[in-house]
1. Given a 1.4 Å probe, how much area per residue of segment 118-276 is accessible, in Å²?
2. Determine how large the accessible area of residue 100 is when every protein chain is in place; take a 1.4 Å probe and give Å² rounded to the nearest 10.
3. In Å², and per residue, what accessible area does segment 32-103 have when probed at 1.4 Å with the other protein chains present?
4. If the cut-off is a Cα-Cα distance under 20 Å, which aspartates and glutamates reach residue 278, setting aside same-chain residues fewer than 8 apart in sequence?
5. Could you go through segment 52-58 in sequence order and give the Karplus-derived ³J(HN,Hα) for each residue, using 6.51 cos²θ - 1.76 cosθ + 1.60 with θ = phi - 60°, rounded to whole Hz, and x for Gly and Pro?
6. Rounded if a/c is under 1.5, else prolate if a/b beats b/c, else oblate: with a ≥ b ≥ c from the C-alpha gyration tensor eigenvalues square-rooted, which is segment 82-196?
7. Kindly identify segment 176-258 as rounded, prolate or oblate by the Cα gyration tensor criterion: order the square roots of the eigenvalues as a ≥ b ≥ c, call it rounded if a/c is under 1.5, otherwise compare a/b with b/c, prolate if a/b is larger, else oblate.
8. Considering only protein heavy atoms, what is the solvent-accessible area of residue 190 at a probe of 1.4 Å, reported in Å² to the nearest 10?
Amino acid sequence: RCHRCPHLSIRPYEGSEKPCMLSEYMVKYPLHPFAVPRHSMKPKEAYKMLQLPMEGISTTKRDYVAHPVLPQIRKRPEKPVKSDKSMDLTSTYKKDYNFFPVLQVPPCIPRTTQHIPSGKMNTTTTYKDDYVLWDEPKAEMIRPNNGFRPSEEKFDYRTIVQDDYLYRGPVATKSFKPLNLVRKTKTPFENVTNYRVNYVPHPPQKRYVHKTEKYKVNEVPFDGLTTHKISYKGMAGQPAKLAKPYQSKLGPDLPFSSTTEFQEKYQPWPRLPIFTKKRDVYLPPLEKMDLHTTTQLHYKHPNGEPAKICCASAQLKQSTAPFNSSSTMKEDYKPWVCKRQKPIIHAPELTFPAKPRDFLTTFQTHYVPHPLTVTKSCKPEWSGPKRDTRLDADTTYAISYTPKNIVKCLASYKNPPGYIFEGTDAHGHDLYIPASKSECLQGRH
């Protein structure tokens, strides 16, 4: 605020509405001539289009080359060969864990000598010794005085309402309703109202019907001109040019291929023939089967007799008619003549290669491990901290930014020192001249 003009207006303004721009800041720091900023030396980022034609090969086609996929070779199972040697039925359990006779183990607990005292045992407990009963009289129980005794008189079963509120019969009340003293007159009723007297019906007038004029044909011939044809006449001029910029063809003029990258890479694999295992021919055993069971061999009853039937024999009537073996199941659910469908087996389309498979992937063939390259560090070696040198306390701020005295603004003084009052201008500002300039002007005069 010290750089603003502190003087109050003494004289009226001379009609200029511009604000006062006179201050110490404007005097000390005048405006410099306008300088054009220098141009930037940064190169322009203009896109330079290559003039070479664009290749139709993508990074996927270039890097990931499709390799021929061979079918997996399945190992055929070996045929079981029956050996002539007899099977050894011994096991590791029978060899390692042999049977030993079980003997009774003597006890390992040492014998304890029991000391039997000769005195009698005191059977009294600490509770009986410490907690002794006090000789006090028995406390009386605090009970309410229940000295109520029901009366021996007979109960009459009457209530207070029946005793106090006696029925005294109906009360004759007097009606205060005013009497209807309307007298009926014998004169006939007049049906004349204000509406019938004031609003007299008028006869309705006939409705005015507008007559349509007959159409007359215009005798003047039709010229066929419109306001658009009369006002907007066609002027001779050049046709409008197309403002769309010309776009050159980026790609070659080759015809568009109907195949895609997916169709070229991912081709259908030929199906392998379904492996069918031949069934072994059944050969019946040459030895005869022993039909005896363990129960028949071990559990024999030499002195046994066949069991007798305890049930009474029922007399069955033998019928001469033949037995009817037909049932509802046989008649309704008859077997259908079905033929087994043959499986649909496709013709083999895959041809097996003669060379054996190497079982290598594209990652193993292309990405081969290389030896590591040891880079040499160019960082200078550190000689270690210097113990004898002391830290310099001077900084760039302490060296370059020296303290300066605070100068008081001359506009804040009523009579600034070193200046001589000259006069006031039209705006009411006091004008001062330095004392050195005033001495020079007086010497010239």
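1. Values: 20400 Å² over 159 residues.
Heavy-atom accessible area per residue stands at 128 Å².
2. 150
3. Computed with neighbouring chains in place, this is 127 Å² per residue.
4. Excluding near neighbours in sequence, the set is 78.
5. Values per residue, Gly and Pro as x: 6, x, 6, 6, x, 9, 9 Hz.
6. Values: a/c = 7.11, a/b = 1.98, b/c = 3.59.
Note, shape of segment 82-196 comes out oblate.
7. Details: a/c = 6.58, a/b = 2.40, b/c = 2.74.
Cα axes put segment 176-258 in the oblate bin.
8. Solvent-accessible area, nearest 10 Å²: 140 Å².
The values are calculated or read from the model by the stated rules, or taken from the named source; none is laboratory data. Keep in mind it's a predicted model, so treat the numbers as computed, not measured. Protein only, heavy atoms only, side chains kept; ligands, DNA and RNA dropped before computing areas. Shrake-Rupley method; radii C 1.70, N 1.55, O 1.52, S 1.80 Å.
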